[in-house]
Amino acid sequence: MSIKTLILRSLKKNLTNYYLYVFALVFSSALYFSFVTLRYDSSMNKVQASVKGEAGFSAASILLLVIVSVFLLYANQLFMKRRSKEIGLYQLVGMTKFKVFRLLSIESMLIYFGSLTIGVILGFFSSRLIVMLLFKITNVQAVATLHFSPEALLQTLLVFLVIFVLMLLVNYFFMKRQSILSLFRVVSTTEASVKKQSVLELIIGIAGLCLIILGYYLSSRLFSTDTVATNALLGMMVAILASVIIGTYFFYKGSISFLFNLIRKKKNGFLSVQSVLSLSTLMFRMKANSFLLTVITTISALAIGLLSLSYISYYSAEKASEQFVPNDFTFSHKKDLASYEKTLSDHGIPFEEHRIKVLSVPADLSDVSDRPLIFASSNSKYTPISVISTKSINEPPLKKNEMYLTGANDSFLRLTNFKESGTITFKLKKESLKRTFTELKHHYVVSIKYSNGSLPVAVVDHATFQLLEKEGKPTQSIYNGLDIKDNTKLEAANDYFIHQFKPVASNNLSPRVASRIEDVKQQRGMIGLAMFIVGFLGLTFLITSGCILYFKQMGESEEEQPNYTVLRKLGFTRDDLLKGIMFKQLFNFGIPLFLGLSHSYFAVKSGWFFFGVSLWTPTLIVMGIYTMLYSIFAILSTLYYKKIINDSL
Amino acid sequence: MFILEAKNIRKSYGSKLNKQEVIKGLDLQLEAGEFVSIMGASGSGKTTLLNVLSSIDSINSGTIMIEGKEVSAMKEKQLAQFRKHHLGFIFQEYHLLDTLTVKENIMLPLTVTKVPRNEAEARFKSMTEELGIYELKDKYPNEISGGQKQRTSAARAFIHNPSMIFADEPTGALDSKSASDLLQKLTDLNRSRQTTIAMVTHDPVAASYCSRVIFIKDGQLYTQLYKGTQTQQAFFQDVMKTQAVLGGVPNEY
């Protein structure tokens, strides 16, 4: 048999075994190529020009590259270990190490560059789809056309060539180091052998659980205690990260076997075949792979967390823009308002004008927030707060001593520990004026520009308002808002608005005029691009980590095949074994997933209010999709086990 | 009444074109409570015979009855059920699950039967004390010696009171001291529990512990020897002589 037939034969065998590896390779090269194509394509200028996504794109492509290359190198290493017996055998029959190396290299070259070619072709076609998706979520009105970009191809080829050379180098050193005998043994050395549980492990196990719980506890207090005031925020974050990550590592190292051991102790030797196949092997396997599992869990948590946060922002874009544009349109100058009103009347669009006089009155807020440091600009006891009258917003009058606050921003409230009710003392020129408030409303009446930083706006009775105006001599400003009465005409009104104010509307930070629709679009565009990039990376990570767990399961199932033979000889049916395997997969994939979900849940929960107004719906959607995609790998590996079990007798 | 009765069984491997007949029309009867060895040269079909008798492998023609039930006609699920409740196995390589403790390994066959916990516990205790491995119950297989592993394996085979035990070269991987220990224990268990044991071996010493030795040659019954009232030493000499005739090779002892 010549080397050529050897290569072709083992290639054939490997393709059926490693279809998932080929798939992952095709997938990652397709992703990378389409991503790079996007970067070089002219149609992307539309997206990038509006939101300056260039930096994001290049950062993401580097991260993508890191994920892909780590995955490919790791998978390659796994395969080398699995095939070490074969390598040893070739050497035993007299092939030189170099010849075996050449054989393996040619073989992997065929798989690698074959998949790469398919990946690039797929990537080219899918990039158009991806651009369409990107345009959709960033609200860019453009037709997705793509041109084949030679630069992108060159970059992809170069990058994957470098990864391939790295792989060859790793293989070369692997072979050079090993003697024939050790090649025959290499499989068994990777997994820790079964040992009795030591006291140290027990301590590690308990410590792991405690550290994770501590991290969660700290994260829940991150923005709600004195940490913000005492500038300990950064330290706290580092502490949370460290305790959760170390806790996760210890969890896999000790807690799992500790917990499973408790269950086993309780069963007192009476282990059903299901628990034989799941509990008893898992506790040793997880310990041996604790580092890998920690990395997978942490990055899963990161991916889910970032995806959730970006989706929260995207989901709440409309709500968030209310802060900046409380009405359909706002104007800083009265003359802009007047000219726009004229345009609307000319076109017969009915509208409603909101002109609100806003006073900025110094007030003592010590009763409602124990953390005045954040918003007090100087050492003064008084903080300027915006005050408007009920009359100016057409609301029924309040009782004389009462008022309410409105336009509360979630992140602000949490940071300042703001109370739901309390007393605010306004400072006048001579005396002071006390008013109690019983309500903290969330909707915005005037834009954030008029509300003294992020403070809510005080709504008082008109009599009080007049008193404040007369006695306090505060600074005054007028908020000009405009609502279109008929919602169906909003689009048309917006078009006239853009037409009329195009030259002045572009300044983002303090716009002279603003339109809600445009603001939402802009927010969506910005967050949409971030979400797109994070989603891209998250998906890549999901697939690569799923593949790694699957490959591990492949190896495990083959290692455990003798056990299945024994069990089947003893009279356990395939179904019995398969049930146990399903149970095992539930834990094997479920524990990293569950930990990742729970980590990301606590991470998101600690700071979601900076990103949007709705926590549950977007987070649950992201987690649901992630779980679904992830389960595919659990199902695939169960199917692989099924094959192994069927073959075992 | 025979506990195992095989009639004219045939077994062949390979494809239609390249057929290798391993068992060629063999008849065999085992009586309840017997301790039987099956001997034969390598390739004579003794392990295949044990596999088909114990229902792990299927036969091409013929019938096998165990306890009056026709095993050879059963479907896969029924077979599994049957093995679980009525048969016990001891293998040359012990085949203990190395992620389970000694106790968990032994208790494995009991988890599928409806034996109450405390009775299971009592059985486990008496069984392991008889075999002298009670103290090892919380150890893992890689922490004990080969002889102890094989005794664990034996305990697993006996614990659910099967009607038959099949042993495939149980002493093959043991040193002679551990081997004779194990065989003595098996003989004791065979007497005290009246469990029928069929054992494949090519060690004449091991065979001399049995009450009957069956010799297989080229897939057919060649001859058989009964121990009767002979001493073990005399029986050993008989077995040696037969083996020498059978194999046509000078004996190694």
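The values are calculated or read from the model by the stated rules, or taken from the named source; none is laboratory data. All of these numbers come straight from a predicted model, not from anything done at the bench. Neighbour counts are summed over all protein chains in view; Cβ atoms, including those assigned to glycine, are modelled from backbone coordinates with ideal geometry. Quick note on the areas: whole protein, heavy atoms, side chains included, nothing else; ligands and nucleic acids left out. Shrake-Rupley method; radii C 1.70, N 1.55, O 1.52, S 1.80 Å.
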*Report whether or not A:SER606 is touching a Ser or Thr at 6+ places or on another chain (Cβ under 6 Å) and farther than 18 Å from A:GLY538 by Cβ.*
yes
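Each row is one residue, and each column tells you yes or no for (1) in contact (Cβ under 8 Å) with a residue 40 or more places away in the chain; (2) farther than 17 Å from A:LEU11 by Cα; (3) in the same structural domain as A:MET167 (by TED's automatic domain parsing).
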| site | (1), (2), (3) |
| --- | --- |
| A:ARG83 | no, no, yes |
| A:LEU92 | yes, yes, yes |
| A:PHE98 | no, yes, yes |
| A:SER108 | yes, no, yes |
The residue from B:ILE165, B:ILE144, B:ILE197, B:ILE159 that alone is open to solvent by 10 Å² or more (accessible area, probe 1.4 Å) and in contact with a helix residue (DSSP H, G or I) (Cβ under 6 Å, 6 or more places away or on another chain) is B:ILE144
Taking region A:171-180 and keeping residues open to solvent by 60 Å² or more (accessible area, probe 1.4 Å) and either in contact (Cβ under 8 Å) with a residue 40 or more places away in the chain or in contact with a strand residue (DSSP E or B) (Cβ under 9 Å, 6 or more places away or on another chain) (or both) leaves A:TYR172, A:LYS176
May I ask you to verify whether A:GLY596 is touching a Leu at 6+ places or on another chain (Cβ under 9 Å), within 14 Å of chain B (Cβ to nearest Cβ) and buried (at least 23 other Cβ atoms within 10 Å of the Cβ)?
-> no
Listed by range, helices (runs of 4 or more DSSP H) wholly within region B:1-118 having at least 2 residues that are open to solvent by less than 70 Å² (accessible area, probe 1.4 Å) and more than 14 Å from chain A (Cβ to nearest Cβ) are B:46-53
Kindly establish whether A:LYS85 is at negative phi and either at pLDDT 80 or above or open to solvent by 10 Å² or more (accessible area, probe 1.4 Å) (or both). yes
Selection from region B:91-127 of residues among the β-branched types (Val, Ile, Thr) and touching a Leu at 6+ places or on another chain (Cβ under 8 Å) yields B:VAL102, B:THR111
Here the qualifying pairs (Cβ atoms under 9 Å; residues six or more apart or on different chains; first in region A:256-282 and more than 7 Å from chain B (Cβ to nearest Cβ); second acidic (Asp, Glu) and surrounded by fewer than 18 Cβ atoms within 10 Å (Cβ to Cβ)) come out as A:ASN268/B:GLU121
Here the residues within region B:213-227 that are closer than 23 Å to B:ILE23 by Cα and part of a loop (DSSP other than H, G, I, E, B) are B:ASP218, B:GLY219
Going through region A:550-592 in order, the residues found to be among the aliphatic types (A, V, I, L, M), modelled with pLDDT of 90 or more and surrounded by fewer than 23 Cβ atoms within 10 Å (Cβ to Cβ) are A:LEU578, A:MET582, A:LEU586, A:ILE591
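This table checks each residue for (1) surrounded by fewer than 19 Cβ atoms within 10 Å (Cβ to Cβ); (2) more than 30 Å from the chain's Cα centre (by Cα); (3) among the polar types (S, T, N, Q).
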{"residue": "A:LEU279", "(1), (2), (3)": "no, yes, no"}
{"residue": "A:LYS287", "(1), (2), (3)": "no, no, no"}
{"residue": "A:PRO350", "(1), (2), (3)": "yes, yes, no"}
{"residue": "A:LEU365", "(1), (2), (3)": "no, yes, no"}
